[in-house]
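Please read the structure below before turning to the comments.
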Amino acid sequence: MSKFDDYLDAVMTDAKVLLSSTIKEGKKEAKAILEAHVENSKERLERWTRLLAHGDIKKREFELLINNQITLGRMRLRTVEVIGKRAALDFRNSLRALFIDKAFDIFL
Amino acid sequence: MRRITETRLRTNALLLLTTLLIAACIPLAGYDQQAYQNATSLKAATIAMVEKSSEDDSFAANGAAVEDLLVRLSAAYEYANGVEHNNEAAKNWDDLIGDDDSMVKGWISNWRAGGSISPALLPEIKMQIAEGFDTIICLEANKRQLTACESLKRSE
């Protein structure tokens, strides 16, 4: 194999490891953010229903809380979108560095 | 054998270049210290105002301060909306303070309508509005470094 073949092979091997770790990291953060919302929502809904039933909050206040909870879910999803983009950009930056580092290792 | 190796290498090279090209097109504004500070300082100011809203007839006493807070919140939204490739952050600000269905304006609308909010609503609405700001803060932090953000973990 030529040196260039060695270069591409070396880059590809490390790039696969890099991609796997970047995706794993972004996925972990995104999952934590969304799962916390689901758990919070379940507990809150139970509590608010009790408050409404006992007359501690008004109907329109209950509706406000429900509306806000839906809004919070939408906001968290956008944060997750940013996590996806950040992970992709991190991968790009690391890949660029990898191309350069491997070139130095193999050609110089 | 040599041909297979060459094909594999060409495919690898193409895959790497495609990945770089796709990643180069991802629109995401960089981390913005000003935006981060806007969110943290306005969170404190808004929560302080929420705490006043369960006192009897508190809206009448705080109407001017509420208007002032809304102006400051709108300025923060306009700032986020004016940054290029900052769509997600601007939409989150809009959900927090945009129209009457937004979290902050929804709370103010209830406060105005009743003169005060029910005491039992106070901790709930305070928690939600704080979480709204935390989500904006978390989004900004993730532009710099991936994080699940401590403040967005389970609240109960």
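Just so you know, all these numbers are worked out from the coordinates, no wet-lab data involved. Just so we're clear, the structure is a prediction, and the values are computed from it rather than from any experiment. Note that each Cβ is placed from the backbone with ideal geometry, even for glycine, and that neighbours are counted across all protein chains shown.
Can you find even one residue in the range B:98-109 that is surrounded by fewer than 23 Cβ atoms within 10 Å (Cβ to Cβ), acidic (Asp, Glu) and either in contact (Cβ under 8 Å) with a residue 24 or more places away in the chain or more than 27 Å from A:Thr49 (Cα to Cα) (or both)?
No.
Look through A:Ala53, A:Ala30, A:Ala88 and report the one residue that is over 14 Å from the mean Cα position of the chain (by Cα) and of a type in the set (Gly, Ala, Ser).
Among A:Ala53, A:Ala30, A:Ala88, only A:Ala53 is over 14 Å from the mean Cα position of the chain (by Cα) and of a type in the set (Gly, Ala, Ser).
Would you be able to tell me the number of residues in the range B:26-68 that are more than 18 Å from B:Met103 (Cβ to Cβ), exposed (fewer than 15 other Cβ atoms within 10 Å of the Cβ) and of a type in the set (Asp, Glu)?
3
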